[in-house]
Every structure is written in structure tokens, then in C-alpha cells.
Amino acid sequence: MKENCFMAGQAIHVGALMRLDLTQASVETIYVTVWASPNISIHLGKIENAEDMWRKHAGLRLQPPVGEDRISELGKWEQRQYKVSGISWDVNAIDVSAAGLGWFSMGLKGEATLTLWTYDGIQITLREPLVLDRAQFLERPGFLLPKAISEAIAYQSKVEVEQRKKREDERIELLSEAM
């Protein structure tokens with residue numbers, strides 16, 4: 001689960017499995033909670049860059065699926081448009097659910113037009129929210145990476161720190177030998 005403010009002109013990729021675009025809104029922002037596996041990467045960006053991001057990173061940084069060659073197995077990537085409305089930011093107004101993939105809960109005070117991208121054959125349902133109140137305890141800045149990616153980044157950072165320390169130690173040793 002990940003919550004964030006979402007502005008018109010932005011897109012949220014949930015792996016390379018689905019993407020939600022906020023194409024138009026009567027309010028400046030809406031509040032979106034992404035309910036999906038913690039092993040799925042989530043990326044927030046601009047709609048104008050979303051297709052290029054998907055084309056370049058589907059199966060790589062946008063996982064699942066794992067591997068570029070698996071994308072073609074999923075079928076045709078298609079869009080569906082929805083109009084949603086709500087009366088408050090503090091209460092989720094609607095869920096947009098993609099069968100087997102996850103869902104988006106939205107809190108907004110006004111109206112919005114959404115475009116949902118996913119593969120043909122995926123059933124999409126607009127429903128009353130499963131979690132009515134916004135789960136403020138889930139709020140964290142930014143978007144989440146799957147645990148494996150986070151661990152790889154942490155390991156890489158640790159190696160880089162160790163290499164910097166080793167170079168610094170060698171530099172100090174050379175300076176002390178020179179004196």
C-alpha cells in the first residue's frame with residue numbers, strides 16, 4: 001500500500017501491469033492509495049512521459065513481469081476511461097479495481113477523469129471503497145520499491161562506502177609515509 005497526492009497530468013505505474021492517469025480534475029489534487037503487492041514497483045511521473053517510461057522500463061524497472069520478453073505474453077496494452085467524483089479528501093470515494101492486480105482508492109472533493117491502462121482481458125471494477133477512511137498511518141513520502149530492489153540498492157551503497165573508506169585510508173597512509 002502506498003498513498004500519495006496525485007495531480008492532473010500525472011501517471012502512476014504499478015509494475016508494468018497497470019497505469020493510472022489523472023487526465024482531468026475539478027480540483028488541484030486527489031488522494032490515491034495504491035493497494036498492491038509490496039513486491040511490485042510503483043512509479044509516479046508525468047503522463048507525457050508515461051508511454052516512453054513503459055516502453056523503456058517494462059519488465060526491467062517496472063516489474064512484474066520480470067524480463068522484457070515476458071511483456072508480449074500479457075496481451076494487448078489498452079486504455080479505459082472513467083469519471084469519478086467524491087465529497088471529501090479524508091474519505092475514500094471510490095475504488096478502481098483490476099482483477100488479480102490490485103486497486104486504487106481515491107479521496108477527492110470534486111470530479112476527475114481517469115484513464116486506466118492494463119492488458120485486455122483484465123476485469124476492471126469501480127466499487128464502493130473497501131477501506132473508507134484514509135489510512136494516514138500509511139503515509140510516507142515518495143513511492144516504494146520492492147524489497148529485493150531496496151536490498152540491492154542498500155548493498156551497492158554499502159560497497160561504495162567501503163570503497164571510499166579504503167581509498168581514504170590509502171590516501172592517509174601515503175601522506176603519512178611522505179612525511
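The values are calculated or read from the model by the stated rules, or taken from the named source; none is laboratory data. Bear in mind the structure is a predicted one, so any value in this text is a computation, not a measurement. All Cβ positions, even for glycine, are placed from backbone atoms using ideal geometry, and neighbour counts span all protein chains on display.
Figures for the structure shown
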quantity	calculated
GLY15 being of a type outside the set (Lys, Arg), assigned by TED's automatic domain parsing to the domain that holds VAL131 and surrounded by fewer than 16 Cβ atoms within 10 Å (Cβ to Cβ)	no
Some residue of the range 72-83 being in contact (Cβ under 8 Å) with a residue 40 or more places away in the chain and touching a Leu at 6+ places or on another chain (Cβ under 6 Å)	yes
Unmet requirement for LYS56, which otherwise passes all of (1) in contact with a Lys or Arg (Cβ under 7 Å, 6 or more places away or on another chain); (2) surrounded by fewer than 20 Cβ atoms within 10 Å (Cβ to Cβ)	(1)
